[in-house]
1. Could you order the peptides 589-599, 685-695 from most to least packed, using the average number of other C-beta atoms within 10 Å per residue?
2. Say R0 is 45 Å: what FRET efficiency, to the nearest 0.05, do Ala814 and Arg430 get from their beta-carbon distance?
3. Answer with a single label: of (i) 283; (ii) 209; (iii) 162, which was calculated as volume of the Cα convex hull per residue in Å³ from the structure in view?
4. Do you know the relative contact order of the range 279-416, to the nearest whole percent, from alpha carbon pairs under 8 angstrom that are 6+ apart?
5. What dipole magnitude, in Debye to the nearest 20, does the range 121-168 give about its Cα centre under +1 on Lys/Arg Cβ and -1 on Asp/Glu Cβ?
6. Net charge near Gly44: determine it from the other residues with C-beta under 9 Å of the C-beta of Gly44, scoring Lys and Arg +1 and Asp and Glu -1.
7. What's the long-distance tail for the range 786-887, i.e. % of Cα pairs beyond 24 Å?
8. With the other protein chains left in place, how much accessible area per residue, in square angstrom, belongs to the range 84-167 at a 1.4 angstrom probe?
Amino acid sequence: MLSPRALLAIAVLTWCGASQAGAAETAGAAPPNFALTAGTLPNGLRYVVLPHRPPTGGIALRLLVRAGSLDERDGERGYAHFVEHMAFNGTKHFPPGRLVAFFQRLGAGFGADVNAETSFRGTTYRIDLPPAHVAQLAEALQVFRDFADGVEFAPKEVQREKSVIQSELVARNNGGWRDEVARIGHVFGGTLAPQRMPAGSPELVASADAAGLKAYYERCYRPERMTLVVVGDVGPEPVAALMRETFGTLVRAGAANVPIEPELPRQSGMQAHVIPSGVATAAVVTVSALAQPGADTLERREASMAREAVLRMLQRRLADRQRLERDRVGVATAGEDTEISGAFECWRLEAHAKAEFWTTAVTLLETELRRACVRGFSAEELREATGAMVASRREMMSLLSSFPTGGFANLLVARELARMDWRHPSQGMRETDVFVARFTLDEANATLRAMFAEPRLRLALRTRLAPPGGSEELMAAWRTSAAKPLAEEQAAGAAALTFGYDDFGAPGAVTSRRRDEELGVEQVTLGNGVRLNLRASRSEPGHFRLVARLGRGFLDVPAERPGLPVVASVLLAQADLGRNTRQEISRLFALHSLSASHRCEGVLNEVTLRLSGPTAELPFALRYVTAFLSDVKLEEARLPDAFAYYSSAHGHLFKSAADWASVQLIFRLMNGDRRLQRPPAADVMKYSFADVAGWAREHVLEGPVEVGIAGDFAEAEAVAAVAGTLGTLPTRRPAAAPTAAERLRFPRRQYQEVRREALTQQAGAVSLGWPVKAAEDPRTVQALRIGTQVLVDRLRQKLREDRGETYAPSGGVARFTLQRDMIFARVDVTASPEKTKDMAQRVFRIADDLAWGGVTEDEFERAREPLRAADEQRWQSNAWWVEAVLMYAQSVPAELDDLRVLRTASAKVTREEVNRVIAKVFHPDNAHYCGVVPLAPAAPPTTAAAK
């Protein structure tokens, strides 16, 4: 299904495109936040400056080089990605090892704020400067200039980085990645793409040398292939002048060249492929079609909107049909793929079925596609689809002023790659309104038939249990379905779509209300025990975010039934309401521009319901939450679907050594508490419907409710809306404090183990943890965060950059909000299987050296500054407020006290405090680890098309 966020992204790409002339004509009249300045230097380099000042501040810079894996020659597969790595390993102004430290002093952490990625059609370098360091814009541009023509390719650095890339390829080579390679081979078969995966060929990476890499770099990193993007609180002319000064002298020898544009494959008839999978827990049937986009014209944009409307209507049809086949088919969706943006347009229909019922999925897709093509859509379906399109665009309009600078910069890069120009959003909104007003049912039906004309279709089956007849049997299943006459069906849209819950009775009483003026948090308790925490904020004008935390998380999990909350939350998420089906609810969310999700959070099993959208829709969101808690229908027939979801999620969670090690470490650090365990699917499937539904009713539907809401609203109106909805519910069970028996405990003995598991990848991994005992002081936690970041920096230097033995060490500090004394530092590294145990010991030695010698002043400043910048920026984030603070504010009142300290703790914590904390924590006797290696080597990655 197209998620609300995905639909918003498609919407922006649709209504932010126009000819450059059109953009120039309106730039002067546009509001300052959206008045884009673009130009081209004499050397061909294009630049884009967008003044924008969101609440989070900062400046985002992007250097797009239209040099991706499609530009590689046969002997260069992997060179585009290799060159991207080398940009961080020695340039004209930044010797090897200096660049990361340089950015840390600017408050930009490597990975989070400074990074790069290589795709089929380009390489994008990213720098996000925090608000306190925007004055360093000129220095950041100098880094980009070095990336453009100053990478040095020292043979020693090439050899060292080769080991890092090989570690990355090994870590990435899991079953999911191999499935994706095979899928691209099918969808884009006949094009250059399957032979030019961005990761490249391991063999050619191993044989790469400095001369070959430099040849690719000089051929493809040319100014006419580059676009420089700057978004932030900047003046366009001064920034443009700085760009001209920094990049005006960039010249490459030889004639200009343009990126390779792949051609649409020739296809004379429908194709079918079976894709064997080592990880799929269901049979996934996909019908896809390719097209090649033209120039960015009004005609192209309207064609894109027409296809979006068609996909929305197909999504509705498939969801309705899946409901009838839910015993065999779990998911049926319609959507669009964007792997090779600007080169191809690809739309698809997809159904996930139980492995033995793959033919049911084929029949479902064939029948509903044929039904739509033969009989067409209804006027009501078209009204709903176009109404949802308009609603999603208006929602995006309301969010643009608060859109982070990095998000805007990424959007501009995506548009550049898609060969679509920028124009003011209001123009796109007008285009949408005009299109919707005149788009006819005949045009919609013609668009559908053109999109899915049979000669261009590609049918795929991804499964562990391939049919004996392979692709021929798959095609035969499609033909068998196509030979059957279409059954009569009830006309779509016989009744108007409405929500069945308008009035819940007399509002509940407000029994207590207090305000924290310093934090701007309002705490309200209703007579039925519902707790409400509000924070009004203009960070996202006209927008709200809501999280309802249901129950007590891990405290409610029976030790003899681990995994039960996950199954119960899926059963609840799939359930109908008494007066509306789940499919109707999804359609209503689209019409009301609401994003919604039901979750069971992490190892702590916190069941939450999250909604966000326009402030005007907050009353509807509250009505939905109330209806969900009071009138949800738990059906035994849906339990197999919940088990299937658990099985799939468990398979994905444990498909790699890194995931295994991470989950196992936390489980062991919690003293093997079974409430936090994720048991195999076979064990969970033993739970009865009475077990699952009974737990859901007692602990979720009737249990404690704490709601956090942050956004642009009047607090009095929000409180009244909650009282009239959630306040009418029956009295909730009290949120009792944990008993001594319910509390988590760290183990008394060290846990250190390397275990072998059946994995779908070649790499091993190790997760390491250091418990912090009896430390709830927020400054102590902040000191440990800084110390842990220094440890990660040392690991990156010693294990990645010096030895090339791991790809990307990571780490941080975890604290369980519902039990604040459970705090631990952790790091995660990958390794070759034979070196996994040695890797753990090396990390311990490096941590021990840090504990004994302490952090240096330089390390302290470099680690502290990115954390300080991140802390300051998240204060402006409504998402952070609801997820980290408001949904706990009354259950854990100390969280608000900590906030007063944490906001400035990074700036106030001293190096001496950091050294005192890490001397206690990073001691060898306090170290735990879990290493995981595969039982047997996985198959090597392939770039061949699926057969």
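1. The densest-packed peptide leads the list: 589-599, 685-695.
2. After rounding, the FRET efficiency stands at 0.40.
3. (iii)
4. Working: 148 pairs, mean separation 39.9, N = 138.
The normalised contact order for the range 279-416 reaches 29 percent.
5. Charge dipole, the range 121-168, about its Cα centre: 140 debye, nearest 20.
6. Summing Lys and Arg as +1 and Asp and Glu as -1 gives +2.
7. 35
8. About 35 Å² of surface per residue is accessible.
The values are calculated or read from the model by the stated rules, or taken from the named source; none is laboratory data. Because the structure is a prediction, the values reported are computed rather than measured. Because the Cβ atoms are built from the backbone with ideal geometry, glycine has one as well, and the counts that use them run over all protein chains shown. The area values use the complete protein model at the heavy-atom level, side chains included, leaving out ligands, DNA and RNA. Shrake-Rupley method; radii C 1.70, N 1.55, O 1.52, S 1.80 Å.
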